[in-house]
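Structure first, then comments.
Just so it is clear, none of the values below were taken in a lab; they were calculated from the coordinates. The structure presented is a predicted model; accordingly, all values stated were derived computationally and were not measured. A quick note on method: Cβ atoms are made from the backbone with ideal geometry, for glycine too, and the neighbour counts reach across all protein chains shown.
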Amino acid sequence: MVAAAEVVACNEDLITLILLRLPVKSLLRFKCVSKKWLCLISTPNFSSRHRRLASASILLSQIPGLISHLSLNCSSSEKPFSSLDFIDDSAGVKLLQSINGLALGCSFHKLGKPRSYYVCNPSTRQFLTLPPPNAEGHDSFATVLGVYLAFDPSKSPHYQVVCVRNCSLSAAHDRYQIQIYPSETRTWRLCGSPFASPSDIMFETGVLWNGAIHWISPTGATLCFNINQEHLGSMPSPPSDEHWSKRRFRYFGESGGHLHLVEIYGPSTTQFQVFELERDYSRWICKYQIDISPIVDAFPEMVRDYLHPHHHDSLFYAFVLLFVQETEEGSSLLLHIPGKLISYNLRNKSFKEICDSGPKSTKTNTALHIGCFHAHQFIETLASV
């Protein structure tokens, strides 16, 4: 028995294969076993190989800063973290974005306290407080409209933070400025000149895809900012129902290298389309045709009559589209319905209730609070901030 253990301990290749399959929390402890293990786990090559083997999950963030991990295969493995409380901020910290294992967070609003922004690795509990951008006469983060984290460890160990802020003294003449914070320099720098934008562009809900941040507005206007080229442009306006004056966006996000958008017109429809933007920005295509009426039949608590209780055609179907997931194994849609989380298979139209239904409030409270959850992709990493 001892001889076998010694053989394993002396076989660096075998030890590496074992360590690569462990969660980050365990690897941090095992760094203390020996200098040899510390050196092995700390190498960039080990970090890269570990990231490729790590299983992905979906994070659900919920006020007041609670975070749940969803595994669509009902995995019961230990959850690596449940909040960002390792960041010392008296106001508390909420999750804004998760990308390749790193996360962007900001403090909750607290009277008399300026908002702070953080880049962190929730798995290692390491974090960095971002300095306020150069506000040129404004109150630092008070003028910030959107902050985004860009990190692709397959291309570089470094990350960038992009900030969009209002640089106009008059609200009647809105001008915006982009600033970039590279992790190599640890300082903000201006990017390009101030620019004009439609007043209804939703800078707070930008989506990172294809090396650029993308924004849309309820009137169909679009903007995109290529981070590496530092170029501001636009993308095609998605198809819409001409009978409605404003877009009815219910989902805008990225998964598996695909940018998706869903619009739903009217509260009583169970049918909608998932659009995908071509990688060359030529057009939006209809990727999936969805009909969730079988889900409504299975979960009648989705049917509400809040609008006009005596009119059958005014029924309201209560659901929130949380996430469109594209993987090599398949594609699925994550929905939040009253008290439940549902995974809908986009290929064969089947659906199932998620085994781990996230925060306990979803199990005990049958109400549906629009926007109470925000879904993010997550994969563990050893990357440093």
Legend entry - Order by protection proxy (mean Cβ within 10 Å, highest first), peptides 335-343, 275-283, 251-259, 30-38: 335-343, 251-259, 275-283, 30-38
Inset, instruction - Mind giving me the nanometre distance, one decimal, between the label points for Asp297 and Thr205, set 7 Å out from Cα along Cα→Cβ? - result: 3.1
Inset, instruction - Using the structure shown, list the pairs from Lys79/Lys113; Lys113/Lys340; Lys36/Lys79; Lys25/Lys349; Lys31/Lys352; Lys31/Lys79 with a Cα-Cα distance above 30 Å, or answer none. - result: Lys79/Lys113; Lys113/Lys340; Lys25/Lys349; Lys31/Lys352
Inset, instruction - Compute the separation of the alpha-carbon centres of segment 187-224 and segment 101-124 and state it in Å as a whole number. - result: 21
Inset, instruction - Describe numerically, in nm with one decimal, the distance between label points set 7 Å from Cα along Cα→Cβ at Cys10 and at Arg49. - result: 2.1
Inset, instruction - Can you tell me how much longer the chain between Ile63 and Asp85 gets when fully stretched, taken as 0.36 nm per residue apart minus their C-alpha distance, in nm with one decimal? - result: 6.6 nm
Inset, instruction - At 0.36 nm per residue, minus the direct Cα-Cα distance, what do His231 and Asp152 gain on full extension? Give it in nm, one decimal, please. - result: 26.6 nm
Legend entry - Additional length obtainable on full extension of the chain from Phe108 to Leu190, 0.36 nm per residue less Cα span: 26.9 nm
